[in-house]
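The values are calculated or read from the model by the stated rules, or taken from the named source; none is laboratory data. Predicted model, so just to flag it, every value in this text is computed and none were measured. Reconstructed Cβ throughout: ideal geometry from the backbone, glycine too, with neighbour counts over all protein chains shown. Accessible surface is based on the protein model in full, side chains and every heavy atom, while ligands, DNA and RNA are left aside. Shrake-Rupley method; radii C 1.70, N 1.55, O 1.52, S 1.80 Å.
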Amino acid sequence: MHLPKPFVARGSRVLRCRSCLLAAHVCICDFKTSYQSAAQFFLLMHHNEGFKPTNTGRLIEDCIADTRRFEWSRTAPSDALISAITDESIDPYIVFPEGEGYEGRMVEYVPKAGKRPVFILLDGTWRQARRMFRLSRYLDHLPVIQPNVVVSSSYHLRKAAVDGQLCTAEVAALMLRQVEDNVGANILSAYYSIFNDHYKAARLSRPLDDQSAAKLFLRGLASD
């Protein structure tokens, strides 16, 4: 009798850091920070994303203090998520591109006195994010905001479904700029750059650049 071979995902035998999930020899944990941003992020994460080394939502958690993660559910959102989005001290927005059927929910960011902006990021593949946005009826009352995209994505670890698509960390950095938190945006962008460089170095067996602009920037902040 021939038994079926066990399924083994690509990269499953790589020795990985348990925190950043990159190969241990290219771990980026030394560059983590905890910046208190003007805005807060809620990651509504598809259940398939949590263990993917290519996930960039995790980078926001590593850099921006108070970032919260919630696992997405179509019909049974957690009590913690519902409580979080109904907190009267925050000003919540779903971050998603403009499209047909919800034009009336699209807004521009305007600061509200006494309320901290919270950006809800749908963390998954583009197909998953569209489904999450469409099926999350418990979020229908929230306004929708899109990032002001000024550059093309530098994320090439997955194939983009549409031109101009950004990864979760890039979107978060743009939203920080929209609330005029350029320090937070620069920190997240630098950490994201290091993540990209280290992931590619491991995949292509290339040496690491220990003096990159992103590393020098984050080291400078740590030494202040």
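Just a few scattered comments:
- Among the residues examined, R18 does not qualify as modelled with pLDDT of 95 or more, open to solvent by 50 Å² or more (accessible area, probe 1.4 Å) and closer than 30 Å to R203 by Cβ.
- T33 being hydroxyl-bearing (S, T, Y), assigned to a loop (DSSP other than H, G, I, E, B) and over 20 Å from the mean Cα position of the chain (by Cα): no
- Wholly within the range 43-141, strands (runs of 3 or more DSSP E) carrying at least 3 residues that are at pLDDT 95 or above and open to solvent by 30 Å² or more (accessible area, probe 1.4 Å): 68-71
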